[in-house]
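To start, the structure itself, in structure tokens.
The values are calculated or read from the model by the stated rules, or taken from the named source; none is laboratory data. Because the structure is a prediction, the values reported are computed rather than measured. All Cβ positions, glycine included, derive from the backbone under ideal geometry; neighbour counts span all protein chains shown. These accessible areas exclude ligands, DNA and RNA; they are computed on the full protein's heavy atoms, side chains included. Shrake-Rupley method; radii C 1.70, N 1.55, O 1.52, S 1.80 Å.
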Protein chains: 2
Amino acid sequence: MTNSTRVSRIVSREVADCQTCHLRALCVPQGLPLKDIAELNGIAPPLAPLKKHDALFRQGMPFTSLFAVRSGSLKQVTTTYTNEHLVTGFFLPGDLVGLDAIAEECYPGSAVALETTTVCELPFERLNELSLRIPALRQRIYRDLSQEVHNERLMQRLLLNRTAEARLARFLLTMSASFRRRGYSPYRFQLAMTRGDIGNYLGLSLETVSRTLTRYQQHELVVIRGHDFHLCDMKALTRLSEACGRQGAAQQPS
Amino acid sequence: MTNSTRVSRIVSREVADCQTCHLRALCVPQGLPLKDIAELNGIAPPLAPLKKHDALFRQGMPFTSLFAVRSGSLKQVTTTYTNEHLVTGFFLPGDLVGLDAIAEECYPGSAVALETTTVCELPFERLNELSLRIPALRQRIYRDLSQEVHNERLMQRLLLNRTAEARLARFLLTMSASFRRRGYSPYRFQLAMTRGDIGNYLGLSLETVSRTLTRYQQHELVVIRGHDFHLCDMKALTRLSEACGRQGAAQQPS
DNA sequence: CGACCAATTGAAACTTTTCAAATTGTGTGG
DNA sequence: CCACACAATTTGAAAAGTTTCAATTGGTCG
């Protein structure tokens, strides 16, 4: 349909720096010894920048690499066999994109740039080989994968039993924490995705997202100007995100 | 409180080497054929049977092993820091319990038997050692973990945008598929968990679960007697589970 | 049998979606 | 650079779905 989402994956392998890229890429939750990181240098060339709406990879393409986000952001969209488009994740600088492809041999969703975005490619074959020689790397991959499993599990449940207010509060706080971990301000950040993307991700209609955000502003919890987010009252947001508005959760299940 | 949920985990560590068994043991999504469960006996000795409400492990205990379910069933319950109890998964014979603990060093939830249940213990250290020598095994672990990530991601989104009717239909079909994979009838099976457990898992109140199930019966899609489930009209259930009752999904997110 | 827990059912309150329309923002071509 | 078209956002009001509260039934176990 729209050719603006064509795949642009032209590799420009002339980049030497990338040391920082590796560090950030592979040290998201926890670091890898520096001497091991050095070994990775050869294998992660940054790709040509993606423009907004460009796909890093498309659902169904054979899995070859993980990608570490250097700058910008992406969303992952999975199209189900019933032809629904589900936003299954957002990726910020430092995130590894493609982890959920390892099992499939193919990417189970498309990664689409939300803005101008640059990534490093980490060919999985090479990672695999390296992981034999570098125990810490193997451990790291295990950890990241397992971490994902756990995060998804918990996030899912947390969202399911919650009101729009709580979901959105949690979303904002999660984003805030991401930025904090990366050394950016947790109080003020830009989110390139649309209200529709957020709603899709959280299981809410875009109208509900808009309304809820408006209500937050009226209560002076946040100030939002387009894609510019300003968290003013983290405490209140935290309280909201924890309020278990619906049952099914707090009870003793047996 | 109730001492019936005491931890029973007696390890017997005499391990004979059997690569195939380990490999098969790791075939989580597919489940483990019944005849192979016997084979596991040598390497991964079954623990003393758990009685209903017994915990296989408790949230926070140091992670040491994965467990393969031999018979019976369990639920995993995670208690959040806000003291909510979330049912994060159900495990049937052939399932691997504990995958999401690898990242944490500790089990991120408690595994509680829903009925009399037997499991085999798979010490993770051994798996880890073996994975060094057996590339296929390492691949298998990667794959299973990644599969989980993907499944969780998709399941989450699918549930989030759906009505109670669709969620429950999907739940039943998922269970049905599990039983089919294990060689049991996909049309008739027993689920030991309570309506409350199901509701908690799906993000619905137990009343809604009950009502929806009743409605299914009125339309003759199923026959349910307590924990005895009878799926009569799989097609209709499938149709229901696919109906995207709410927006946020079907739209082109950009 | 009685106590207790799970399941069912009803009715009111509440939340979210849906539909519709107005407004703002953005990028492109003249 | 402006104007236009198109996308994203906001807002309103009615409809739909879910939860909550409350009461009842059914089953199990000591």
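Odds and ends about this structure:
- Only protein atoms count toward the accessible area here, which uses a 1.4 Å probe; on the range B:161-242, the carbon and sulfur part of that area reaches 50 percent.
- Each other copy places its own label point for A:Gly60 at 4.9 nm from this one, sorted shortest first, where the point lies 7 Å along the Cα-to-beta carbon line.
- Å² per residue, accessible surface of the range A:156-254 at 1.4 Å: 45 Å²
- Interface size, chains B and A: roughly 6200 Å² of accessible area buried, both sides included, 1.4 Å probe, rounded to the nearest 100.
- Charge context of A:Val77, other residues only, Cβ under 11 angstrom, K/R +1, D/E -1: +1
- With label points defined 7 Å past Cα in the direction of Cβ, position A:Asn83 shows copy-to-copy spacings of 5.0 nm, given to one decimal and shortest first.
- Divide the volume of the convex hull around the Cα atoms of the range A:190-244 by the residue count and you get 82 Å³ per residue.
- Here B:Lys235 yields copy-to-copy label distances, from shortest upward, of 6.1 nm, the label point defined as 7 Å from Cα along Cα to C-beta.
- Taking a Cβ cut-off of under 10 Å around A:Val209, the surrounding Lys, Arg, Asp and Glu residues balance to a net charge of +1, with basic ones at +1 and acidic ones at -1.
- Interface residues of the range B:198-217, defined as those losing at least 20 Å² of solvent-accessible heavy-atom surface relative to the isolated chain (probe radius 1.4 Å), are listed as B:Asn200, B:Tyr201, B:Gly203, B:Ser205, B:Leu206.
- Note, ³J(HN,Hα) from phi for the range B:61-76, Karplus 6.51, -1.76, 1.60, rounded to Hz, x at Gly and Pro: 5, x, 6, 10, 9, 8, 10, 9, 6, 8, 8, x, 7, 9, 10, 9
- Percent RCO, i.e. relative contact order, over the range B:161-242, from Cα pairs under 8 Å lying at least 6 residues apart: 37 percent
- Net charge in the neighbourhood of A:Ile224 (other residues with Cβ under 14 Å of its Cβ; Lys, Arg +1, Asp, Glu -1) is +2.
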